[in-house]
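The structure under discussion appears below in the form of structure tokens.
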Amino acid sequence: MNRTTSTTRSVTEQQRELAAQGIKYVFAQFTDIHGAAKGKLIPLAYLADIVAPGAGFSGPSIWGTGLPRNGARSEYYGRADLATLQPMPWMPGYARVALDGYVAGEAFDACPRQVLRKQVARLAQYGWTLNAGLEPEFFLLEKGAKGYDAESGDTLEKPSYDSKSLMRKRDFLDQLSTGLDQCGLGVFQIDHEDATGQFEVNYRYADALKAADNFMLFKMAAHHLAEEQGMLFSMMPKPFADRPGSGLHFHLSLADASGKPLFALGAGEAEQGEHGLGLSPLAYQFMAGLLRHAPALTALCAPTVNSYKRLMCGESLSGTSWAPAFIGYGENNRTVVARVVYQRIEWRLPDSSANPYLALAGVIAAGLDGIENHLAASAPVNQDVYEMTAAQRAELGLQMLPQNLGAAVAALKADTVLADALGTSLVKEFTTLKQAEWLEYCQHVSAWETARYLDRY
Ligand code: GLU
Ligand code: MG
């Protein structure tokens, strides 16, 4: 759906069109701080009400709002962004619209979509758009005797690009891809990933806000279709210790108002530019911002206790985890946090549990810090970092990403540039919740501990 035309069409026109397509309800959807889709079903006749004043929700019932239980500020209003209104073909009769949070008549600064909007607006002041291609990896599991796992035929030691299990899941994948295409996502690639039970679906990039909205739509569609087929769709970052986890890589590039890519050197420009990677000086500044803020961004991009089981440097049965553990960038280098490919930056830090609005907002804030302060990127790392010894890494000055949620939260708390950009109330809510999650995990006595220590001491 074209954003400009849809916003200028009246609510009545949109109601008429949707009714003609058999739509009875609109799912008025917002995204909570943990990245989960939440909302209300609104009968189509009441669409105007959710544009203004908005759909009302009890503020403190939503994770991460920090709103009080009474008074004017206890009500969270989600105002429909009509540019996102469209049918969900996998659920005939139902459409979805994304909401922006408002409290006491003002844009709510702890609403993830508003947080991203603010960073998008900062870019717009320069006439720029951040284009982002989000690459969801996920597990598609079936219930067996030992709980959820890959379907019984999916057992290869190195399962990347396996054709048999991919084909066995074709009904689900086809319904998902057809539905998403009807929503304009433009699916162009589907494959079996490097863990048994793991797949990846790729669809076209979009501007940052739309990319986040699209990712939420992708998750809603996949959850629904998997459940209908008796399967579990999971975006838990690392469900199985001995298999690779699920990343949500961001392919990033800036474009100017005419759509011209700003990370790429033009034809014939100074050979391949600095470091020979074909990137523009602006791209290197953006990269330098990302690398400088990588420890704090880790909390936003890898926001669960489980995320850090993915970010370890260890190997998996299939040979490698393909997840980053070190802060650096390099030419087509999947062993560091930023891979330079096709004159874009592939930011490999995010995992599939990230809230896309917050992670993208953090990325923009970090990149803009690099640009506004003319930061210089260190030299690229064009070696396999997994293979290096600790001494070789130290020689290159390669720093490790935070290795647990507690360390990442501490890095975010200490990063005043990100806190200023994302807003102190959002950062406070986020770090308080995540710190509590980390402490609860630390206090938990696991089966691993009892198995190892109970009988030993
Ligand atoms: N699954 C890997 C990760 O956790 C990425 C594999 C790939 O490069 O596609 O980031
Ligand atoms: Mg992948």
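When the residues of the range 418-457 are narrowed to those that are acidic (Asp, Glu) and in contact (Cβ under 8 Å) with a residue 24 or more places away in the chain, which ends up nearest to Ile364 (Cα to Cα)? Going through the qualifying residues, I end up with Glu429. Restricting the range 326-362 to residues that are over 23 Å from Phe218 (Cβ atoms) and within 16 Å of ligand 2 (Cβ to nearest atom), the residue that is surrounded by the most Cβ atoms within 10 Å (Cβ to Cβ) is Val337.
For the structure I just gave you, tell me whether Arg292 is modelled with pLDDT under 95, of a type in the set (D, E, K, R) and under 20 Å from Leu398 (Cβ atoms). First the steps, then the outcome.
On the way: modelled with pLDDT under 95: no; of a type in the set (D, E, K, R): yes; under 20 Å from Leu398 (Cβ atoms): yes.
It is false that Arg292 is modelled with pLDDT under 95, of a type in the set (D, E, K, R) and under 20 Å from Leu398 (Cβ atoms).
Scanning the range 246-258 for residues that are more than 30 Å from Met312 (Cβ to Cβ) and in contact (Cβ under 8 Å) with a residue 24 or more places away in the chain yields Leu254, Ala255, Asp256, Ala257.
Looking across the range 340-363, the residues that are under 17 Å from the mean Cα position of the chain (by Cα) and of a type in the set (D, E, K, R) come down to Glu346, Arg348, Asp351. Quick check on the range 283-295. Is at least one of its residues surrounded by fewer than 22 Cβ atoms within 10 Å (Cβ to Cβ), basic (Lys, Arg) and in a helix (DSSP H, G or I)? So far as the range 283-295 goes, yes, one or more of its residues are surrounded by fewer than 22 Cβ atoms within 10 Å (Cβ to Cβ), basic (Lys, Arg) and in a helix (DSSP H, G or I). Looking only at the range 370-412, residues that are closer than 20 Å to Val341 by Cβ, of a type in the set (A, V, I, L, M, F, W, C) and surrounded by fewer than 18 Cβ atoms within 10 Å (Cβ to Cβ) come to 1 in all. Across the range 390-430, the number of residues qualifying as more than 17 Å from Ala294 (Cβ to Cβ) and of a type in the set (S, T, N, Q) comes to 3.
Filtered by the rule that a residue be over 25 Å from Pro350 (Cβ atoms) and either within 20 Å of the chain's Cα centre (by Cα) or basic (Lys, Arg) (or both), the range 241-283 gives a lone residue, Lys260. Every test in (1) more than 16 Å from ligand 2 (Cβ to nearest atom); (2) within 16 Å of the chain's Cα centre (by Cα) is passed by Pro237 save one, and that test is (1). Among the conditions (1) assigned to a loop (DSSP other than H, G, I, E, B); (2) of a type in the set (S, T, N, Q); (3) surrounded by 23 or more Cβ atoms within 10 Å (Cβ to Cβ); (4) more than 16 Å from ligand 2 (Cβ to nearest atom), Ser258 misses just one, which is (3).
Here Gly101, Gly144, Gly133 are screened, and the one residue that is more than 16 Å from Gly179 (Cβ to Cβ) and at pLDDT below 95 is Gly144. Evaluating Pro303 against the criteria (1) farther than 19 Å from Ala132 by Cα; (2) in a loop (DSSP other than H, G, I, E, B); (3) free of Cβ contacts under 8 Å to residues at least 40 places away in the same chain leaves one unmet condition, (3). As a summary of the residue check, Glu315 satisfies the conditions (1) in a loop (DSSP other than H, G, I, E, B); (2) over 24 Å from Ala379 (Cβ atoms); (3) modelled with pLDDT of 95 or more except for the one numbered (3). In the set (1) in contact (Cβ under 8 Å) with a residue 60 or more places away in the chain; (2) small (Gly, Ala, Ser); (3) farther than 20 Å from Gly245 by Cβ, Gly133 fails one condition alone, (3).
Here's the yes/no breakdown for (1) within 16 Å of ligand 2 (Cβ to nearest atom); (2) modelled with pLDDT under 95:
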position	(1), (2)
Asp242	no, yes
His251	yes, no
Leu254	no, no
Gly266	no, yes
Ala270	no, yes
Leu277	no, yes
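Please work out if Val120 is at pLDDT 95 or above and closer than 22 Å to Arg344 by Cα. When the stated conditions are applied, Val120 passes them. When the range 202-234 is limited to residues that are hydrophobic (A, V, I, L, M, F, W, C) and farther than 19 Å from Trp90 by Cβ, the one that is farthest from the chain's Cα centre (by Cα) turns out to be Ala206.
The values are calculated or read from the model by the stated rules, or taken from the named source; none is laboratory data. Owing to the predicted nature of the structure, the values given are computational and were not obtained by experimental measurement. Reconstructed Cβ throughout: ideal geometry from the backbone, glycine too, with neighbour counts over all protein chains shown.
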